[in-house]
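Below is one structure, written out as structure tokens, with a few remarks after it.
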Amino acid sequence: MTLALILIIPGFATLVALCSRRVAPWVTLASALAVLAFASIAALGVAHGGSVHAADGGLSLDGLSALYLLLVAFVGVTAALYSIGYLPARAAEQEDGIAPRYREYWPLFNLFLASMLAVPLLTNLAVIWIAIELTTIFSAFLVAYENRAAALEAAWKYVMLTSMGAMIALFGVLVLYYGIHNAGEPVSWAGLVAAAPRLNPAVLLIPFVLWLIGFGAKAGLVPMHTWLPDAHSQAPASVCALLSGVEVSAALYMLLRIYPALAGNPGIARPALWYIVAGLLSVAVAAFLILQVRDYKRLFAYSTIEHMGIILAACGIGAAANQMGTVYQFFAHAFTKSFCFYAAGLATIEFGTQEIASVRGLLARSPVAGWSLLLGAIAIAGAPPFALFISEFQILATGFGAGEYVATGLLTALIVLAFIAILYQVGRIVFGEPDAGAPRIKLPTTSVVALSVAFAPMFVFGFYLPPPLAALVQHAAALLAGPS
Amino acid sequence: MATAHAIDGLFAALFVIFGLGVIGTRQMLGTLYLFVLHSLALTGSAIVLGVALGSPHLFWVAAITFSTKVVAVPLVLRYSAGLEIYGRREVDQVLTIPVSVLIAAALALVAWVAANPLVHALAARPFADINVPTGLMAVFFGAFTVAVRREAVAQLMGILIMENGAFFASISIVNDLTIIAEIAAAVDVPVAALVIGLLIRNIHSVTGITRVGLLAELKERR
């Protein structure tokens, strides 16, 4: 019942948000909080291993899916809270007379959240594909929220590229469906891993390649990444937090979950190589693009591409089984990136522009926005004492320990390059003297509170992980490593 | 079985021709009609395979394809982007029609070769040798349509052609997709068409055009 409630609650909130514009923000927040509570209860149930099922096996949860579910639920809460103050503040900034889509925002927010929550909860692979496709459909108008030509262009690119990817991935899903079903296993993640050793390598490898292209487009992997910076530069910061924090991770989640099946098939030679090449290519391109970016929301979008690459490459160099490796990077990136976009959103309210060259002295002008952006940049770049430092360090240590010197060496160099590029760009924004005549703007209280809530895991999980969460991360890493 | 194989081959040929038609036609309304015919060929193949393999699930697939893609999608598009579809006649594209058709022919060959390992792996499925390469061709044709058409509606047709391609291949290899997945897929397509149609209408109302290929505000400035 708990699993079903996680999907029913946002559906109910959508109906209320459609009926009443006035209560929509608060109903959405209450719904997101309830979802987080139920997701936590469900995750606790699988923290030490095993899985739970509901709705005649239509819904299920294991360690890895529970971890992703918690991330979606948490970012959902902070994004809802952040939006309450942020959207009216942004509307005040909009000077070209075009009204943003405030009326549609809250129902779509709930539908978008529900579709993302469905990804880890659904059992059947074909139905999971539909949930992923729906995340694009429901978020299209959230990307186009500001209703300007540029926002609509970004939304169109986003929908077309990710839908094309989804159709390519669909081909793979259906071939895999045949393979698992033919092997006499249920068409679920557990069934895939159980069937993998007996599958014809072509029935496993071809779907994987189709997924790498198809879901890779959704995850923002190079060279299918072009929609990602455009969508993030135009969408409201709260939507960017959801897109970058957890939506692109949905596609990456699919690529991670197929990994133990590939590794478990004796006919597929070195599947890790696919992950290493795809991952390093994304990290390399993103690191160089961060150096020359002109818009600070695009900067964090490129950083998302970089992190998707790190997670894939980490899987390939052997960090999948390390509980503080691939899984922890996947986990820590979600809340750290959402924090970065919240901070970027506050900076946009303060300055009314996203151009790095037009923004100086954010620390002096607005200490809250300035410190948030600086700390977010330090955290996302992978510096201590933040959570991403732990995972990046562990990934590199595992890679060198496993003898993957070339791949790990390259990954290290690219992470360092991205680190320098992010801090250089953000340094230009936060330091220096602001324009003397610029008026001070009061930041929305709910947005500042959301920022504080998002800061807590980013900071605390850098040195302390509560025991149930540590057990869940360990269980998730064991699932990613596979039965061997 | 041999007769069924021959009839399925006929539907596969029609499926390829209608897919090529979407790439080659200049008329906006023509692309929509060709998509409807493309979906009818998919429906026909599903019925043939349903009879030959004795699979009631494939009759479901045929019914769902007919009701969503032949009936619902054109209605939804008429509601959401009717002015753009029925008001404009010509579709712009990046390449000329002959060049596009030549490239499509090359893509068909690539699809045929690329599908080979999969067809070998699926030797136990009697119709996979026809449906899998044909389906992959449609996926390539659809992607190519999205890449070369500047018009939003034509790009949407490209996406839908890709989906038809994936299903054309899958009906020969998965003829017992769970009913939940079938119903969910049935809901997904019209919803996607509605949302994308509404997006097209908004692009038209804000920018005055639906030639999305001309929208180029978002570039990394140097």
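The values are calculated or read from the model by the stated rules, or taken from the named source; none is laboratory data. Everything numeric in this text was worked out from a predicted model, so none of it was measured. Here Cβ is always computed from backbone atoms with ideal geometry, including for glycine, and neighbour counts include all displayed protein chains.
Here is how the numbers come out for the structure above:
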{"item": "So B:Gly19, is it at pLDDT below 95 and within 22 Å of B:Thr68 (Cβ to Cβ)", "result": "yes"}
{"item": "Members of segment A:325-358 found to be crowded, with 24+ Cβ neighbours inside 10 Å, aliphatic (A, V, I, L, M) and farther than 21 Å from A:Val448 by Cα, listed by number", "result": "A:Val327"}
{"item": "Which listed residue is over 27 Å from B:Arg26 (Cα atoms), part of a loop (DSSP other than H, G, I, E, B), within 14 Å of chain A (Cβ to nearest Cβ) and among the hydrophobic types (A, V, I, L, M, F, W, C), from B:Ala46, B:Ala114, B:Ala124", "result": "B:Ala124"}
{"item": "Matching residues, segment A:385-417, being more than 13 Å from A:His307 (Cβ to Cβ) and of a type in the set (Gly, Ala, Ser)", "result": "A:Ala397, A:Gly399, A:Gly401, A:Ala402, A:Gly403, A:Ala407, A:Gly409, A:Ala413"}
{"item": "A:Arg440 in contact (Cβ under 8 Å) with a residue 40 or more places away in the chain and under 16 Å from A:Pro367 (Cβ atoms)", "result": "yes"}
{"item": "Some residue of segment A:104-117 being within 20 Å of A:Ile258 (Cα to Cα), in contact with a Gly (Cβ under 9 Å, 6 or more places away or on another chain), buried (at least 23 other Cβ atoms within 10 Å of the Cβ) and among the small types (Gly, Ala, Ser)", "result": "no"}
{"item": "Qualifying residue in segment A:228-236 (condition: among the aliphatic types (A, V, I, L, M), in a helix (DSSP H, G or I) and within 17 Å of A:Ala126 (Cα to Cα))", "result": "no"}
{"item": "Scan of segment A:180-224 for residues that are away from every other protein chain (no Cβ under 12 Å), under 18 Å from the mean Cα position of the chain (by Cα) and of a type outside the set (Gly, Ala, Ser), ordered by number", "result": "A:Trp211, A:Leu212, A:Phe215, A:Lys218, A:Leu221, A:Val222"}
{"item": "Residues within segment B:194-209 that are more than 7 Å from chain A (Cβ to nearest Cβ), more than 22 Å from the chain's Cα centre (by Cα), part of a helix (DSSP H, G or I) and not polar (S, T, N, Q), tallied", "result": "1"}
{"item": "The lone exception for A:Val52 - which of (1) surrounded by fewer than 24 Cβ atoms within 10 Å (Cβ to Cβ); (2) within 25 Å of A:Lys337 (Cα to Cα); (3) at pLDDT 90 or above; (4) of a type outside the set (Ser, Thr, Tyr) it fails", "result": "(2)"}
{"item": "Some residue of segment A:124-131 being buried (at least 24 other Cβ atoms within 10 Å of the Cβ), more than 9 Å from chain B (Cβ to nearest Cβ) and under 22 Å from A:His225 (Cβ atoms)", "result": "no"}
{"item": "Enumeration of residues in segment A:345-377 that are part of a loop (DSSP other than H, G, I, E, B) and closer than 27 Å to A:Val460 by Cβ", "result": "A:Ser366"}
{"item": "Only listed residue being more than 21 Å from A:Phe331 (Cα to Cα), in a helix (DSSP H, G or I) and among the hydrophobic types (A, V, I, L, M, F, W, C), chosen from A:Ile420, A:Ile390, A:Ile395", "result": "A:Ile420"}
{"item": "Matching residues in segment A:21-46 - criterion: being touching a strand residue (DSSP E or B) at 6+ places or on another chain (Cβ under 7 Å) and buried (at least 16 other Cβ atoms within 10 Å of the Cβ)", "result": "A:Ala42, A:Val46"}
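So that you can scan it fast, the table gives a plain yes or no per residue for (1) within 14 Å of chain B (Cβ to nearest Cβ); (2) touching a residue at least 24 places away in the same chain (Cβ under 8 Å):
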| position | (1), (2) |
| --- | --- |
| A:Leu228 | yes, yes |
| A:Ala250 | no, yes |
| A:Val283 | no, yes |
| A:Gln292 | yes, no |
| A:Ala301 | yes, yes |
